1. Residues that are among the charged types (D, E, K, R) and at negative phi: find the strands (runs of 3 or more DSSP E) completely inside segment 36-124 holding 2 or more of those.
2. Within the set of pairs 6 or more residues apart or between chains, which connect a residue that is farther than 19 Å from residue 202 by Cα inside segment 115-135 to a residue that is modelled with pLDDT under 95 and hydroxyl-bearing (Ser, Thr, Tyr) with Cβ atoms less than 8 Å apart?
3. Any idea which of 172, 146, 153, 167 is among the small types (Gly, Ala, Ser) and open to solvent by 80 Å² or more (accessible area, probe 1.4 Å)?
4. Please find, among 70, 79, the residue that is in contact (Cβ under 8 Å) with a residue 24 or more places away in the chain, within 25 Å of residue 116 (Cα to Cα) and either touching a strand residue (DSSP E or B) at 6+ places or on another chain (Cβ under 7 Å) or of a type in the set (Gly, Ala, Ser) (or both).
5. Restricting attention to segment 18-38, report how many residues are in contact with a strand residue (DSSP E or B) (Cβ under 9 Å, 6 or more places away or on another chain), of a type in the set (A, V, I, L, M) and closer than 16 Å to residue 93 by Cα.
6. Being part of a helix (DSSP H, G or I), farther than 30 Å from residue 121 by Cβ and not hydrophobic (A, V, I, L, M, F, W, C) is the filter here; which residues of segment 152-187 pass it?
7. Which ones in segment 116-143 are surrounded by fewer than 18 Cβ atoms within 10 Å (Cβ to Cβ), out of contact with any Pro (no Cβ under 8 Å at 6 or more places or on another chain) and modelled with pLDDT of 95 or more?
8. Restricting segment 226-276 to residues that are open to solvent by 20 Å² or more (accessible area, probe 1.4 Å), part of a loop (DSSP other than H, G, I, E, B) and hydrophobic (A, V, I, L, M, F, W, C), which is nearest to residue 199 (Cα to Cα)?
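The values are calculated or read from the model by the stated rules, or taken from the named source; none is laboratory data. This structure is a prediction, so every number in the text was calculated from the model and none was measured. Neighbour counts run over all protein chains shown; Cβ positions are idealised from the backbone, glycine included. For the accessible areas, the whole protein counts, side chains as well, though only heavy atoms, and no ligand, DNA or RNA atoms are used. Shrake-Rupley method; radii C 1.70, N 1.55, O 1.52, S 1.80 Å.
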Amino acid sequence: RPVDAVLAEAERLVKGGVKELLGISQDTSAYGVDLKYAPRAWRGRDHETRMQALCEGLGELGVWTRLHYVYPYPHVDRVIPLMAEGKLLPYLDVPFQHASPRILKLMKRPAGGEKTLERVQAWRAICPELTIRSTFIVGFPGETEAEFEELLAFLDAAQLDRVGAFAYSPVAGATANDLPDPVPEDVKQERLERFMLHQAGISAARLRRKVGSVQRVLIDEVGPTVAVGRSRADAPEIDGRVHVAFGAAKPRPGEFVDVRIERSDEHDLHGTLVAP
């Protein structure tokens, strides 16, 4: 889809009252490759059909905008300043998938763990509030115990906020099916459990750092005394939520409120509505 079509759709949604936009594709960082980055006019100016120009346009709409399935190509660095300036949410969903260069090569995925870690650190230097969500695959054919340990070490170093993982399973027609040294099913499941337990401690510690802060929250649901919403770090349906206790000033779904965070658990934050 050319950039003007996407931006025009986003603009229509915002005019209709939408408060949050999610940019999602199979590989958002490769946006425009098939259209040879063709320039198109929107709001009287030319925008190239590429990720940076799309983000710049979305940043003009004044609503929450977050990006999903962004592979860590070097040009992704150019959208981080937009997050630091408040034009995009400081949030990236980056499917890193592994940390071992050999396994990544077998997966036909770009970059290696060391370069990825350097990129994450550079992003956070520009935008310290950046939330990074990622997904990983454990038990890929040929993955050794040492390479799995390399992945755990990457988690410690990268300190990612939200992480999901899958045990590798064959897919019909995939070239990976022909790779040697498949990992036994019990080993895959054992590694998956170790991975998730390891990351749970990291995620919980990062949430605890928010206790005492005031977070901007978009309200999704309202009960008798507690509302449920999401902070800038929480994409709908896949991330945690913020539970908001309130008194006489009852918030409404779709409203932005400020919340003082009082405690956290493994996935969610809990706090009290700050009076306007």
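1. Here the list reads 45-48.
2. none
3. Just a single option satisfies the conditions, and that option is 172.
4. When all the criteria are applied, what remains is 70.
5. Going through segment 18-38 one residue at a time, the tally reaches 3.
6. 175, 177, 178, 185, 186 - these are the residues of segment 152-187 that are part of a helix (DSSP H, G or I), farther than 30 Å from residue 121 by Cβ and not hydrophobic (A, V, I, L, M, F, W, C).
7. Hits for segment 116-143 are 124, 125, 128.
8. 238
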